[in-house]
Amino acid sequence: LKCNYPQCKIMVTNDEKCQAKQHDVRGYYSAGIPNKAYLPLGPRLDSWTSSHKIQSSPQFFFQPPSKRQFAFNAIFSQNTDMGRQVLARIIEEQHGKSNLTIFKTMAEIWTQKVNSPHTQQLHTDSYMEVLLDSVFTLAPAGHNPECYRLFEAVEAG
């Protein structure tokens, strides 16, 4: 990469599984690669765009937690980490056993095809609406402890 960008001082590349060890600055935190700086992910562009579209409505205002529809949401793909599969199983087993209203959509397989009707993943407009209407958002680790959902949930209040 350095030969293509000779003036570049810092380059952040996507190494979601944290396998490349030669970069000084990473896009993801990895405890397995000590002494490397990393830049926090922030929200995904598609989620950020949906969030700002929703918030630009003149009728929009942030609901206080006591007025939000969902106690928590569970929106994730199960195949990026075994812990996610365990969590999905617990949520399915416990669903309906309390009076808490939850939103759950746990796709079996993650895909890069954002907003495709041919996947189990939630459209980002709907995703952001649910985050904005939830008191808590579950953000289980995927390939790494850090995930976009952490930042998206913070932006949703």
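For region 117-130, check the following and say yes or no: at least one residue is in a loop (DSSP other than H, G, I, E, B) and either buried (at least 19 other Cβ atoms within 10 Å of the Cβ) or hydrophobic (A, V, I, L, M, F, W, C) (or both).
yes
Restricting attention to region 72-81, does a residue exist that is modelled with pLDDT under 95, over 23 Å from Val135 (Cβ atoms) and in a loop (DSSP other than H, G, I, E, B)?
Looking through region 72-81, at least one residue is modelled with pLDDT under 95, over 23 Å from Val135 (Cβ atoms) and in a loop (DSSP other than H, G, I, E, B).
Is there a residue being among the acidic types (Asp, Glu), open to solvent by 70 Å² or more (accessible area, probe 1.4 Å) and modelled with pLDDT of 90 or more anywhere in region 93-100?
So far as region 93-100 goes, yes, one or more of its residues are among the acidic types (Asp, Glu), open to solvent by 70 Å² or more (accessible area, probe 1.4 Å) and modelled with pLDDT of 90 or more.
Across region 131-146, what is the number of residues that are open to solvent by 30 Å² or more (accessible area, probe 1.4 Å) and part of a loop (DSSP other than H, G, I, E, B)?
Within region 131-146, residues that are open to solvent by 30 Å² or more (accessible area, probe 1.4 Å) and part of a loop (DSSP other than H, G, I, E, B) number 6.
Is it fair to say Ser66 is under 20 Å from Tyr127 (Cβ atoms), surrounded by fewer than 12 Cβ atoms within 10 Å (Cβ to Cβ), out of contact with any Asp or Glu (no Cβ under 8 Å at 6 or more places or on another chain) and small (Gly, Ala, Ser)?
Spelling it out, it is not the case that Ser66 is under 20 Å from Tyr127 (Cβ atoms), surrounded by fewer than 12 Cβ atoms within 10 Å (Cβ to Cβ), out of contact with any Asp or Glu (no Cβ under 8 Å at 6 or more places or on another chain) and small (Gly, Ala, Ser).
Quick check on this structure: which one of Ala88, Ala139, Ala71 is touching a Cys at 6+ places or on another chain (Cβ under 6 Å) and of a type in the set (Gly, Ala, Ser)?
Being touching a Cys at 6+ places or on another chain (Cβ under 6 Å) and of a type in the set (Gly, Ala, Ser) holds for just one of Ala88, Ala139, Ala71, which is Ala139.
List the pairs whose first member sits in region 58-72 and is in contact (Cβ under 8 Å) with a residue 60 or more places away in the chain, whose second member is open to solvent by less than 100 Å² (accessible area, probe 1.4 Å) and assigned to a helix (DSSP H, G or I), and whose Cβ atoms are under 7 Å apart, counting only residues at least 6 apart or on separate chains?
Close Cβ pairs satisfying both conditions: Phe70/Val130.
So is Ser50 more than 17 Å from Glu146 (Cα to Cα), modelled with pLDDT of 65 or more and exposed (fewer than 11 other Cβ atoms within 10 Å of the Cβ) or not?
Here the answer is no, as Ser50 does not meet what is asked.
Only residues in region 85-100 that are under 13 Å from Phe72 (Cβ atoms) count as the first member; pair them with residues that are aliphatic (A, V, I, L, M), Cβ under 8 angstrom, at least 6 apart or cross-chain, and list the lot.
Within 8 Å, the pairs are Leu87/Ala74; Leu87/Leu138; Ile91/Ala74; Ile91/Ile102; Ile91/Met106; His95/Ile102; Leu100/Ala71.
The values are calculated or read from the model by the stated rules, or taken from the named source; none is laboratory data. Nothing here was measured: the structure is a model prediction, and the numbers come from that model. Because the Cβ atoms are built from the backbone with ideal geometry, glycine has one as well, and the counts that use them run over all protein chains shown. Please note that ligands, DNA and RNA were not included when accessible areas were found on the heavy atoms of the full protein model with its side chains. Shrake-Rupley method; radii C 1.70, N 1.55, O 1.52, S 1.80 Å.
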